[in-house]
Each structure stands twice: as C-alpha cells, then as structure tokens.
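The values are calculated or read from the model by the stated rules, or taken from the named source; none is laboratory data. Predicted, not measured: the structure shown is a model, and the values here were computed from it. When we count neighbours, we look across all protein chains shown, and the Cβ atoms used for this are built from the backbone with ideal geometry, even at glycine. Protein only, heavy atoms only, side chains kept; ligands, DNA and RNA dropped before computing areas. Shrake-Rupley method; radii C 1.70, N 1.55, O 1.52, S 1.80 Å.
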Amino acid sequence: MSAHMHAVVQFRFGGPEVLTYTETDVPEPAAGEVLLRVAGAAVNPGDAVLRSGRVPELITLPWTPGNDVSGVVERIGAGVTRFVPGDRVYGMLPVTQRGAYAEFTAVPADALALAPRNLDLVHAGAVPLVSFTAWQALAVLARVQPGDRVLIHAAAGGVGHVAVQLAKELGAHVIGTARAANHDRVRGLGADEVVDYTTTDFRTVVAPVDAVLDLVGGSYGARSLDVLRPGGLLIGASIDPGTDERQAAARGLRYAWVTAEPSGELLERVTERIEAGRLRVTVQDTYPLARAAEAHRTIETKRTSGKIVLVP
C-alpha cells in the first residue's frame with residue numbers, strides 16, 4: 001500500500017472553492033482506531049458550515065472535511081478487537097477529527113459498526129449522521145409516543161426523510177413540509193400529511209402538534225412555536241435556529257437543540273432496522289472526490305432530496 005493518497009483539503013475558510021483535491025500522507029491508525037479504505041463519504045450541511053469558518057474554533061487548518069464514512073478496514077490500531085482487516089464498516093467521525101473526504105481515514109473503532117448486509121457501501125456512507133440526528137431528536141429529546149403529532153420541516157432532505165420513517169415507527173402522526181415534487185416520496189416514507197412550503201404557510205393548515213423538528217432554521221423556528229401544543233417541544237438542528245429556550249418558555253413551550261455524537265452501539269440498532277427493511281436512506285447523487293466543491297454547492301442549495309455522497 002502506498003504511503004500517499006488523494007484527499008480534499010482546505011487551507012483557509014471560505015466558499016466551496018477552498019476545497020482542494022490534493023495528494024497527502026495516508027494516516028496511521030492510533031491506539032483504538034482503524035484505518036479505513038473509504039468507499040463513501042456523505043456531504044452534510046454541517047460540512048459546509050465548518051468549511052465556511054462560521055465556527056472556526058471547532059477545526060484546525062489545514063483541514064479535511066467529512067464526518068460520515070463507510071469503507072473496508074485496511075489496518076487496525078493497538079487494542080482494537082471488534083474489527084479485522086477486510087471488514088465492511090460504517091460510522092461517524094468526531095467533528096474535531098480530520099475527516100472522510102479522502103481515500104483513507106483513521107476512525108475510532110467505537111464509532112463504527114459492521115455495515116448492513118443488504119446495503120452497498122456507498123449508501124452506507126450516507127446513513128450515520130442523519131440517523132443519529134433523527135434518533136436523538138425524536139426518540140431521546142421528544143420521547144415520541146404512539147399518537148403524538150410530529151411536524152418535520154424539510155421532510156425530503158437528508159435528516160428529514162429518515163426522521164419521517166423513525167417518527168412513524170414510534171407511532172406518531174407525521175406531518176412534513178416539502179416541495180410539491182417531493183410529496184409522493186415523503187408520503188411513501190410514512191408521512192400522514194405533507195405541506196407545500198412554497199405555496200402555503202404551514203401555520204394555516206397544521207393543527208397543534210406535540211413536537212416540531214426544524215431542519216431549516218431562520219424564520220421557521222419562531223413560526224414553528226405557533227403550531228405547538230402547550231408544553232410542546234421545538235427541536236432545532238440548524239446553526240441559525242431562529243428562536244431559543246427563553247422565547248419558547250415565555251409561551252409555555254420547550255426548545256432543545258439536537259446534536260449527533262458518534263456511536264457504534266447506536267449504529268448497530270440502525271443496522272437492524274435497515275436489514276429488516278424498516279429504514280431506508282436515499283442517495284440523490286454521488287460525486288467523485290475531486291468534485292467535492294461541486295457537491296458542496298449542491299448541498300448549499302438546500303433543495304436536495306436525500307443524501308449527497310463523495311466516492312473516492
């Protein structure tokens with residue numbers, strides 16, 4: 001195996017053009033890590049936020065983006081017993097660790113799980129972050145119960161289309177906002193109602209709900225408070241949530257911001273659902289690693305349906 005590889009590196013903050021496809025060294029797996037030959041690396045909105053420099057304290061330049069990853073174990077570091085070279089795995093890198101937009105990356109073993117047997121590795125690379133975010137929001141923060149009413153904004157997007165499926169599995173009456181072109185797809189995932197946000201203010205057609213998962217932010221945050229039942233929960237997932245705990249509390253409501261943390265254990269539960277056919281993750285497009293900047297421009301349109309994945 002060569003000591004060099006291709007990776008996407010940014011040397012400064014800025015727009016997609018700062019993503020440089022270049023040659024760099026293959027990382028060595030530290031104790032507790034595995035070296036992966038990357039098969040798929042999802043592009044998430046958070047990748048673009050980090051690239052832009054809006055939260056510069058989280059990363060150190062030069063930087064390789066990418067949290068979601070799938071691939072084949074190439075080597076294992078000291079103390080790793082869960083995996084062996086050749087295993088097909090997937091997982092999520094910690095935000096502060098150099099990422100997955102590369103031919104090889106080192107990942108903490110406890111952040112990985114064996115990939116679903118019925119899923120190719122490119123699709124597996126799209127799964128972790130969206131699944132963790134939806135799970136944390138709906139199962140942990142909202143504690144959705146059968147009969148609850150749940151509104152999910154951007155229901156056709158990466159996190160949204162997984163959240164619709166999970167909310168339905170938990171027994172909720174699910175309402176999603178999406179463009180008209182995506183309504184059939186969102187209903188097919190389990191939504192009971194779908195609102196075209198381009199023509200309709202959701203507040204005029206959505207009866208009170210127990211929880212809102214806001215994957216858009218901005219004005220959607222404050223407006224979402226208007227459709228919550230007394231004591232209802234608004235869950236924000238964008239860097240610009242548009243409201244906060246204090247504003248919610250003043251109206252007898254609750255607010256929480258959801259984060260996703262790497263967890264091989266939780267990913268095993270996700271694997272069970274995928275293998276049982278209870279969860280599917282859609283990949284809208286794949287891009288070669290050298291076109292990472294183009295993939296970022298696509299994700300920043302906020303009009304994706306499903307996931308974008310880079311393939312080395």
* Can you pull the percent of the stretch 180-307's accessible area that's carbon plus sulfur, 1.4 Å probe, other chains left in place? -> 46 percent
* **From the C-alpha gyration tensor of the stretch 107-242, square roots of 5λ in Å** => 26, 16, 14
* Which of rounded, prolate, oblate describes the stretch 66-128, given a ≥ b ≥ c as roots of the alpha-carbon gyration tensor eigenvalues and a/c under 1.5 marking rounded, otherwise prolate only if a/b is larger than b/c? -> oblate
* **Percentage, to the nearest whole number, of Cα pairs in the stretch 159-227 over 14 Å apart** => 57 percent
* Asked: In degrees between 0 and 90, to the nearest 10, how far off the longest principal axis of the chain does helix 264-275 point, with axes built from Cα atoms?
  -> 70 degrees
* How about the stretch 80-177: which trypsin sites (Lys or Arg not before Pro) there are in a DSSP loop, with at most 10 other Cβ atoms within 10 Å of their Cβ? -> R117
* To do: Taking just the C-alpha trace of the stretch 1-70, give me its Rg and Dmax in Å.
  => 12.9, 37
* How many Å² of accessible area per residue for the chain, probe 1.4 Å? -> 42 Å²
* Asked: Given the C-alpha centroids of the stretch 1-20 and the stretch 220-286, what is the distance between them in whole angstrom?
  -> 31 Å
* **Expected-Rg normalisation [2.2 N^0.38 Å, Cα atoms] applied to the chain** => 0.99
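Based on the alpha-carbon gyration tensor of the stretch 203-286 and its eigenvalue square roots a ≥ b ≥ c, which shape applies: rounded if a/c is under 1.5, prolate if not and a/b is larger than b/c, or oblate?
Prolate.
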* Taking the Cα atoms only, what angle lies between the long axis of helix 158-169 and the longest principal axis of the chain, rounded to 10 degrees? -> 60 degrees
* **Charged-residue dipole, Cβ positions (Lys, Arg, Asp, Glu), the chain about Cα centre, Debye nearest 20** => 600 debye
* Please report how far the C-alpha centroid of the stretch 131-199 lies from that of the stretch 85-103, rounded to the nearest whole angstrom. => 28 Å
